[in-house]
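Since the structure comes first, as structure tokens, the remarks are kept for the end.
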Amino acid sequence: MTDQDMAEEKVLLDIGKKNKRINKCLNEKSIGTFLILGGITYLLLLIVNIFLASFYGYNICINFISQLGDSSIIPFPFLNDGITIFCGIIMFFSHFYYVHQLKIQYHLSKSFNILIRLGFLCGLIGAVGYLFLGVFNLDRAGPGILYHAISMGFAFTGFLVSIAFYSLAFFLTHNRNLKKLGLYGLTFPFICFIVYSPTNNTFAEWVLLFSIIAFFLAFIYNIRTYKIRD
């Protein structure tokens, strides 16, 4: 093999490696876009569901989230069931994307790695709990709404604890956008939770849900858009 042949082969290998990296990047970016669109779709469907339910007397100021799945109030509880299950599935797979992207973009310290793993595990628990909220709606809530209550406990507790771990990890990065998101995650959702817990206020429960949704949408947007150079 001549020097020219070797040089040409090296160029081809370099091009192949470059194309492989580009395809991988595009695929990961596509996954991120799909998950963002999934989250936005869930949010829009939820708003549409609330709007349709309002024609039957549903009001977020006096009705709990779970009552969207109560056939004695809403004649189409299956709509909320499907939307909730859809969100649970999107959230479940989103956490794998979060961890994968953070490992790619950041040099993980031991403490960072532990916090991210804990956030990941709690996030999966929250996602599964939220999925089962669609399975065990108020019409299928079990004895004394036991199944529904357990699902709700896993969902909201899992999400909030996950947010806390992720937010603490963000303060260990050099990314200002993630630091800001971490500050939000450690304040607003927990303020909402503190307000909701003793009062059991329906509107506070809705604000809590939207604060959780906002965190995870901002999370996936940031790690998809901003790289380690930021």
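Each reported figure results from applying straightforward, stated rules to the coordinates on display, with no laboratory input. If you're wondering where the values come from, they're calculated on a predicted model, not measured in any experiment. Because the Cβ atoms are built from the backbone with ideal geometry, glycine has one as well, and the counts that use them run over all protein chains shown.
A few remarks follow.
- Environment charge at residue 139 (Cβ cut-off 13 Å; Lys +1, Arg +1, Asp -1, Glu -1): -1
- Length gained when the stretch residue 43-residue 29 is fully extended (0.36 nm per residue, less Cα-Cα span): 2.9 nm
- Computed from phi, the 3J(HN,Hα) profile of region 134-151 under the Karplus parametrisation 6.51, -1.76, 1.60 (θ = phi - 60°) reads x, 6, 9, 6, 5, 7, 10, 7, x, x, x, 6, 4, 5, 5, 5, 5, 4 Hz, with x in place of Gly and Pro.
- With each label modelled as a point 7 angstrom along the Cα→C-beta vector, the residue 195-residue 93 pair spans 3.4 nm.
- A Förster distance of 30 Å, applied to the separation of the beta-carbon atoms of residue 55 and residue 210, puts the FRET efficiency at 0.85.
- Applying 1/(1 + (r/R0)^6) with r as the Cβ-Cβ distance of residue 225 and residue 139 and R0 = 30 angstrom yields a FRET efficiency of 0.15.
- Proportion of all alpha-carbon pairs of region 97-230 beyond 21 Å (%): 43 percent
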